[in-house]
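Laboratory data are not the source of any read-out in this text; all were calculated from the coordinates shown. Fair warning: this is a prediction, and the values are worked out from it, not measured in the lab. As a convention, Cβ positions derive from the backbone with ideal geometry for all residues, glycine included, and neighbour counts pool all protein chains shown.
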């Protein structure tokens with residue numbers, strides 16, 4: 001193919017394809033991935049930025065976020081206090097940076113717990129009729145209560161702590177995940193490859209592990225990212241109304257709650273945590289959106 | 001091929017007697033049973049070793065349900081399924097499992113019949129591992145041999161199903177069905193979803209494999225042209241009942257049952273100069289929830305008479321080795337004038 005032969009008289013040789021086509025862009029593997037899935041790349045990059053911020057909070061020019069300085073309260077943003085100080089003189093910048101820890105712990109904690117519990121319940125009730133009838137009615141009952149209300153009720157039963165916030169939001173979110181998984185399981189168990197596996201003598205536990213579970217993971221992962229984002233908002237909401245993270249631990253919700261009284265005169269106390277919360281939720285949602293597209297098997301293998 | 005106790009000579013490999021499968025319909029507030037879908041309502045046939053029996057009929061006639069009932073993908077309502085003269089329909093799941101390796105299945109849609117998240121090696125090896133037939137490097141050899149048999153390259157075993165075309169995937173499904181050394185393969189519309197040229201390849205592959213391995217095939221299809229090409233005997237189903245069963249030549253040359261005739265007249269002939277009389281059936285297939293009384297075909301039969309509406313015809317020998325469920329001994333070639341006018345008026 002590459003051997004060039006002399007053209008017969010009267011004909012000019014056709015230009016080589018390589019000269020006509022624009023040069024092919026060489027991309028690294030990572031670059032190629034980012035090019036194909038821009039939302040995952042952007043969302044993933046921003047989420048990891050926030051995770052790094054939370055982990056390395058002490059190194060990011062912060063001071064003790066709980067240190068009181070009544071003499072320097074409600075200072076506007078300046079070179080010394082980047083985001084200003086609150087009504088107790090605490091550095092808002094440090095509080096916001098440390099507050100990322102709570103939001104991310106709650107977000108990821110709820111996503112992981114709710115997804116795994118929901119996956120378990122969904123798999124069982126998708127396969128065992130008797131369990132399905134009972135469990136799904138309970139889930140229906142729980143879903144009829146708005147999840148934030150359910151979480152507030154849960155928090156009212158216990159003392160304020162980060163673990164309890166995670167548990168409360170998880171309980172409120174589990175019905176949604178288990179419904180999703182159950183639906184996926186019900187369609188998967190009718191799939192010919194599952195029937196073929198039954199015909200091939202595979203036992204039920206192995207069918208669940210090998211054929212059902214791997215195919216439910218994609219929607220669950222996508223759902224988990226959305227749960228993560230909604231849990232961050234739920235945590236902030238709970239903290240804002242004083243039913244969440246205890247006030248001694250800075251979280252974006254309770255920074256905003258404390259700044260609320262001064263909202264009209266010192267808006268920056270509420271502004272900065274709100275912006276951080278919005279951007280974090282946005283980037284987690286971007287990641288989830290991208291994953292949903294990328295993990296959909298019908299869209300996955302386009303060339 | 002079978003290594004169980006040898007059955008009495010002359011015993012068919014698979015025998016189905018009076019098979020019934022009714023699906024309950026649930027409705028109402030409490031989800032109580034409100035009716036039944038009579039998907040399969042008394043079907044009997046047998047398949048000899050090395051033979052191909054085709055089950056044909058239009059969609060919804062219950063032919064796939066027969067296949068799945070033989071595979072015991074769900075319990076049957078009534079009747080018997082015998083493998084080598086031994087009943088398998090009443091066995092527990094544990095008792096049935098070792099017998100499952102003898103009956104395998106190839107489904108219609110090659111895109112949903114292979115788990116998209118398993119490599120070919122794992123797909124094909126699954127039955128081999130389940131029945132403890134091989135392990136380690138022997139397993140890889142076996143999978144490789146199976147890929148050879150279905151004419152796919154051996155190195156395909158390290159790839160995923162989505163990397164293959166429909167025809168190739170159907171070969172993978174056939175390899176999986178062959179994997180446990182099965183005797184009977186149920187091909188549930190196995191070639192219906194494929195392009196014509198690929199269809200021919202798969203049909204040829206199946207008949208080659210049948211010759212080579214002595215396979216027995218239960219070929220479920222609505223495509224009579226394909227059936228004519230590869231079957232030994234044909235059974236025609238209509239609305240959960242068998243209406244006619246005969247060997248291939250007899251059925252295609254001199255069909256007896258009016259439904260079989262209508263079905264055959266609908267097969268396209270790849271020759272535009274051939275003129276023939278087409279039998280157009282009126283109306284739709286009645287609902288299997290509430291099937292017609294008497295002969296189930298009487299609502300659409302051009303030769304209907306009084307007895308058909310009350311008396312259900314049984315399969316009986318109508319000569320030339322044909323079994324037909326029709327009250328008429330000789331079905332006329334032309335539609336009686338009275339019936340034709342009634343059909344036009346309807």
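For a quick check: sort B:52, B:260, A:62, B:254 by the number of other beta carbons within 10 angstrom, fewest at the front.
Neighbour counts put them in this order, fewest first: B:254, A:62, B:52, B:260.
Within 10 Å of each Cβ of B:106-117, how many other protein chain Cβ atoms are there on average?
5
I'd like the antiparallel share, as a percent to the nearest 5, of DSSP beta bridges with both residues in the protein assembly as shown.
So the antiparallel bridges amount to about 60 percent of the total.
For the stretch B:113-226, what percent of Cα pairs sit more than 25 Å apart?
Result for the distance tail: 17 percent.
Using the alpha-carbon centroid of each, what span in Å lies between the stretch B:142-211 and the stretch B:225-271?
26 Å
Between the alpha-carbon centers of the stretch A:60-113 and the stretch B:64-131, tell me the distance in whole angstrom.
Centre-to-centre distance over Cα atoms comes out at 62 Å.
By how many nm would the segment from residue A:248 to residue A:16 lengthen if fully extended, with 0.36 nm per residue of separation less the alpha-carbon distance?
Between residue A:248 and residue A:16, full extension yields 76.4 nm more.
How compact is the stretch A:132-188 by the rule of thumb for globular proteins, expressed as Cα Rg over 2.2 N^0.38 Å?
1.27
Efficiency by 1/(1 + (r/R0)^6): what FRET value for residue A:68 and residue A:35, r their Cβ-Cβ distance, R0 = 45 Å, to the nearest 0.05?
Taking R0 as 45 Å, the efficiency between residue A:68 and residue A:35 is 0.35.
Counting each pair of different Cα atoms once, what's the Kirkwood radius of the stretch B:43-100 in Å, rounded to one decimal?
Value: 12.7 Å, from the Cα pair sum.
Under a 10 Å cutoff between Cα atoms, tell me which one of B:234, B:203, B:274 has the largest fluctuation in the Gaussian network model of chain B.
In the Gaussian network model the winner is B:274.
For a quick check, take a GNM of chain B with Cα springs below 10 Å and name the residue from B:233, B:278, B:176 with the largest mean-square fluctuation.
Checking each option, the largest mean-square fluctuation is seen for B:278.
What is the helix-to-structure angle for B:137-149, meaning the angle in degrees between its Cα long axis and the longest Cα principal axis of chain B, kept from 0 to 90 and rounded to the nearest 10?
The helix B:137-149 is inclined about 40 degrees to chain B.
At each listed q (0.05, 0.06, 0.08 Å⁻¹), what is the log10 of I(q)/I(0) that the Debye formula gives for the protein assembly as shown modelled as equal alpha-carbon point scatterers?
For the protein assembly as shown, the Cα-only Debye profile gives -0.39, -0.53, -0.80.
Please order A:263, A:82, A:61 by the number of other Cβ within 10 Å, starting at the fewest.
Taking fewest neighbouring Cβ atoms as first place, the list is A:61, A:263, A:82.
Under the rule a/c < 1.5 gives rounded, and otherwise a/b versus b/c splits prolate from oblate, where does the stretch B:1-122 land using the Cα gyration tensor?
Judged from the Cα gyration tensor, the stretch B:1-122 comes out oblate (a/c at least 1.5, b/c at or above a/b).
Over the alpha carbons of chain A, what is the largest minus smallest coordinate on each principal axis, giving the biggest first in Å?
Projected onto its principal axes, the Cα set of chain A covers 94, 63, 29 Å.
Between the stretch B:279-306 and the stretch A:125-190, how far is it from one alpha carbon centroid to the other, in angstrom?
If we compute the Cα centre of each part, the gap is 50 Å.
Using a Gaussian network model of chain B whose springs link C-alpha atoms within less than 10 Å, name the residue from B:214, B:27, B:42 with the highest mean-square fluctuation.
Result for chain B, Cα springs under 10 Å: B:27 fluctuates most.
What ranking do A:24, B:296 get, fewest neighbouring Cβ atoms within 10 angstrom at the top?
A:24, B:296
So how far apart, in nm, are the two label points at residue A:206 and residue A:221 if each is 7 Å from Cα heading toward Cβ?
2.6 nm
Could you bin all the Cα-Cα distances of the stretch A:195-257 into 5 Å bins starting at 0 and give me the percent of pairs in each, rounded to whole numbers?
Spelled out per bin, shortest first, that is 4, 16, 15, 10, 9, 8, 8, 8, 8, 6, 5, 3, 0.
Distances over 26 Å make up what percent of all Cα-Cα pairs in the stretch B:191-313?
When all Cα pairs of the stretch B:191-313 are counted, 32 percent exceed 26 Å.
Quote the relative contact order of chain B in percent (integer), defining contacts as alpha-carbon pairs under 8 Å separated by 6+ residues.
19 percent
Starting from the Kirkwood Rh over alpha-carbon pairs, what translational D in µm² s⁻¹ does the stretch B:169-244 have by Stokes-Einstein at 10 °C and 1.306 mPa s?
Answer from the Stokes-Einstein relation: 121 µm²/s.
Averaged across A:186-198, how many Cβ atoms of other chains sit within 10 Å of each residue's Cβ atom?
Per residue, the average neighbour count from other chains is 6.
Grab the eigenvalues of the alpha-carbon gyration tensor for the stretch B:140-203, scale each by 5, take roots, and send me the semi-axes largest first in whole angstrom.
19, 16, 9
Need one number: nm distance between label points at residue A:279 and residue B:159, each 7 Å from Cα along Cα→Cβ, rounded to one decimal.
4.6 nm
Run the paramagnetic zone check for residue B:253: 7 angstrom along Cα to Cβ, then residues of the stretch B:211-239 with backbone nitrogen under 17 Å.
The answer is B:228-234.
Please compute the Kirkwood hydrodynamic radius over chain B, one decimal place, Å, based on all pairs of different Cα atoms.
21.7 Å
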